[in-house]
Amino acid sequence: MISDAEIEQVYQFALELGKNAGKLLLEAAQKRMSGDVQLDEVEKLNSVDIVTKTDEEVEAFIRTSILEKYPDHKFVGEESYSKGSSKEYLIDDSPTWCIDPLDGTVNFAHLSPFYCVSIGFLVQSQPVIGIVCAPFLQQTFSARRDHGAWLNETVRLPLQRNPVPPLPPTAPKGCIFSCEWGKDRRDIPDGNLARKVESFVNMATELGGKGGKGGMVHGVRSLGSATLDLCYVAMGGFDIWWEGGCWEWDVCAGICLLQEAGGLVTTANPPEDVDHAPVPPAKLGGRLYLAIRAAGDGEGESGREAQERVVREVWMRVRKLDYERPGA
């Protein structure tokens, strides 16, 4: 078992590692902006699922740094995983690093600023450290279990804390809803893309519209990075994030950040009995996520009760998604 003192040492190492990896991302972008190098990208699944030389180089840097410092720790990285044929869930009770060297690769390819390095560390299958560095935005998010979540090491999350605002009583009306189109772009009847689009429209449509499923959210946001979506829910800038299709390296660090900021993370897929079914914690490898920002107590309900209320309101308006994977 790893002691709190050891976790603190890992945290400090991970924080510095995240910053250094972020510098590598920024340097690669700056070389392209100056015309010194051209983008070298390869499609994996399709044209929105790409890998660049930078992804691979930054993962190699992170992996080497970790294994030199902690040779007994397990390492799960997006690019090394993607090269294998198995899609098994590889997280177990071993001290494990779960890494996405470049989340938002399409953004990076277009020199859009919403990309980041994501470093998660798990103990007994639970995320206990989360580091996210978005170098172009000059934002570093960090969290350690039971020690809160932070922006640039000085600002505690969520941003509004005195007090933390309650969720709107008519939520999702009045909320910012974040989501992603995902990599499954197959044009098939009732496929994941069609179900997502229907769900997005339900959330945005006027109250009472879409057969009573209209949510009238304030806005719908798609950053192109699941990691940053979670960070912004932790900040309180987004109220809700709903997604299917992400892998554990996309969300490991962000889940730690959100939970330390007082947020809730559960499954994206609605149960049969939306009104009475329990709100379970999200499965890290389940590829289905619904996140709600921290909430202060409101009139007649606690913050947690409000979070669960909003979960049920979202569940009422979204379709079940099908992102199966073995071993999760």
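What follows is calculated from the coordinates using simple rules that are stated; it is not laboratory data. In this text, all values refer to a predicted model and were calculated from it rather than measured experimentally. Because the Cβ atoms are built from the backbone with ideal geometry, glycine has one as well, and the counts that use them run over all protein chains shown.
The figures follow:
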| quantity | calculated |
| --- | --- |
| C-alpha long axis of helix 226-235 to longest principal axis of the chain, angle in ° | 60 degrees |
| Folded to 0 to 90 degrees: helix 248-260 orientation relative to the chain principal axis, Cα | 60 degrees |
| Contact order relative to length of the stretch 187-299, as percent, for alpha carbon pairs under 8 angstrom and 6 or more apart | 22 percent |
| Cα-centred dipole magnitude for the chain, charges only on beta-carbon of K, R (+1) and D, E (-1), debye, nearest 20 | 660 debye |
| Pair SER80, ALA60: separation of 7 Å Cα→Cβ label points (nm) | 1.3 nm |
| Choice from ILE292, ILE91, ILE119 showing the highest fluctuation, given a GNM over the chain with Cα pairs closer than 10 Å | ILE91 |
| Cα Rg over Rh - the chain, Kirkwood | 0.96 |
| Convex hull (Cα only) mean projected area of the stretch 213-328, reported in nm² to one decimal | 7.4 nm² |
| Choice from PRO163, PRO271, PRO95 with maximal GNM fluctuation in the chain (Cα, 10 Å cutoff) | PRO163 |
| Highest average packing first - 187-196, 102-111, Cβ atoms within 10 Å | 102-111, 187-196 |
| Rg followed by Dmax, in Å, when the stretch 160-288 is reduced to its Cα trace | 14.8, 48 |
| Relative contact order (percent, whole number), the chain, Cα cutoff 8 Å, 6+ residue spacing | 16 percent |
| Base-10 log of normalised Debye intensity for the stretch 4-156 (one unit scatterer per alpha-carbon) at q = 0.13, 0.21 Å⁻¹ | -0.60, -1.38 |
